[in-house]
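No lab work stands behind these numbers, since they all come straight from the coordinates. In this text, all values refer to a predicted model and were calculated from it rather than measured experimentally. Positions of Cβ are backbone-derived with ideal geometry, glycine not excepted, and every protein chain shown enters the neighbour counts.
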Amino acid sequence: MKSKGWVKLWRLTFDHALLNSKPWCDGYAWCYLFSRANHDKGVVNFRNEYIELERGQFLTSQIQLSEKWGWTRKHVKKFLFALENDKMLTTRTTNRYIIVTICNYEIYQSNEYEKEQQVEQQATQQKRNRRPNSDPQTRSKEEKNIYNIYGKFVKLTDEEYSKLIKKFTKPVADDWIERTNLYAEKIGANKFKKKYISHYATILSWSRMENERKGIASGEKEIINAEEKRERKPDYRIRRDPNGKVTYIREKEVS
C-alpha cells in the first residue's frame, strides 16, 4: 500500500465534544498543530499587535495549548521541543506568544503535489476500467495475464481456458475444472494455493497421469482418438499392446 495520498481533515473537528476528554494524546496534539497552520500568507492581530505570518505558520502560546490539550505548560514545552528536534516544526518564542512553522508544509499541501496525486489516481482508475474481453489482437501483454476465477479456486487466463477447450473440448475442460475445485476444497484453499501455482499446468499434468493409468501412452488428443489416424494412414492398421501402447502396422505385415 502506498504511503502517498490525501485525507481531508476538517479544522472544526478539534472543537467537537468528542475531544473534550483530556488530556489529549501526542498524535491528536500534532494533528491539531498541523491543522492550525495558515494555508495562505496573512496578518493576525494579537493584542493590538499586527503580526505577519507566512504559509504554514500560526500564532499560539503555551497557555493556549495547555488549555486546549489538557496538559501542563511544562508538558507542552517538552512536546514542542521534541517535535523541533525531529524537524517536524520550528518555533519562534517571545514573552507573549509563539510562532509555529510546520516543516515541509509546502510539500504536503502544495497544489502541484495535489495535481500529481489526481493524475495518478485517474491513471489507476483507467487501468482498472480496462476490460479483459477486448479484441484479442489489441490486448496488451498485461491484459492477457489477467486471471479469471472458475468455480471457487481455479484461476485461468482467457488464453489458458481457450487452450483447454481446444485440447479437451469444452465439456471435458469444464469437468477438469470442477474436479480441480473439488480437490482444492478437500485439501484446503491455502494448501492448494501453495502447492499448485499454475492451475493450467496442473490440469494438463493430471490429465496426462490419468491417461497413463488407463493404459494410454500419450495424452495427446490424436492418440486418445487413435482410430481417426487410420483415415490419414489408410495402408496401416492400429495395434495396441497389453500395456496400452499404440503402433501402426502396414496391412501386408499383419498376419
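Taking loop as defined by DSSP and a crowding limit of 15 other beta carbons within 10 Å, which GluC sites (Glu not before Pro) in the stretch 40-91 fit?
Working: sites: Glu49, Glu52, Glu54, Glu67, Glu84; in loops: Glu54.
Within the stretch 40-91, the qualifying GluC sites (Glu not before Pro) (loop, at most 15 other Cβ atoms within 10 Å) are Glu54.
Restrict the search to the stretch 50-87; then list the trypsin sites (Lys or Arg not before Pro) that DSSP places in a loop and that have at most 12 other Cβ atoms within 10 Å of their Cβ.
Details: sites: Arg55, Lys68, Arg73, Lys74, Lys77, Lys78, Lys87; in loops: Arg55, Lys87.
Within the stretch 50-87, the qualifying trypsin sites (Lys or Arg not before Pro) (loop, at most 12 other Cβ atoms within 10 Å) are Lys87.
Are there chymotrypsin sites (Phe, Trp or Tyr not before Pro) in the stretch 7-100 that DSSP marks as loop and that have at most 16 other Cβ atoms within 10 Å, and which are they? Numbers along the way, then the final one.
Working: sites: Trp10, Phe14, Trp24, Tyr28, Trp30, Tyr32, Phe34, Phe46, Tyr50, Phe58, Trp69, Trp71, Phe79, Phe81, Tyr97; in loops: Trp10, Trp24, Trp71, Tyr97.
The qualifying sites are Trp10.
Distance check, please: which entries in Lys167/Lys194; Lys170/Lys195; Lys166/Lys186; Lys155/Lys191 exceed 22 angstrom between their Cα atoms? List each step's numbers first, then the result.
Working: Lys167/Lys194 26 Å; Lys170/Lys195 26 Å; Lys166/Lys186 28 Å; Lys155/Lys191 15 Å.
Violating the 22 Å Cα-Cα cut-off are Lys167/Lys194; Lys170/Lys195; Lys166/Lys186.
Need the full-extension length gain, Glu106 to Ser198, defined as separation in residues times 0.36 nm minus the C-alpha distance. One decimal, nm.
Numbers: separation 92, 0.36 × 92 = 33.12 nm, distance 4.82 nm.
Taking 0.36 nm per residue and subtracting the Cα distance, the gain is 28.3 nm.
Going by the alpha-carbon gyration tensor, a ≥ b ≥ c the square roots of its eigenvalues, is the stretch 11-109 rounded (a/c under 1.5) or, if a/c is not under 1.5, prolate (a/b greater than b/c) versus oblate?
rounded
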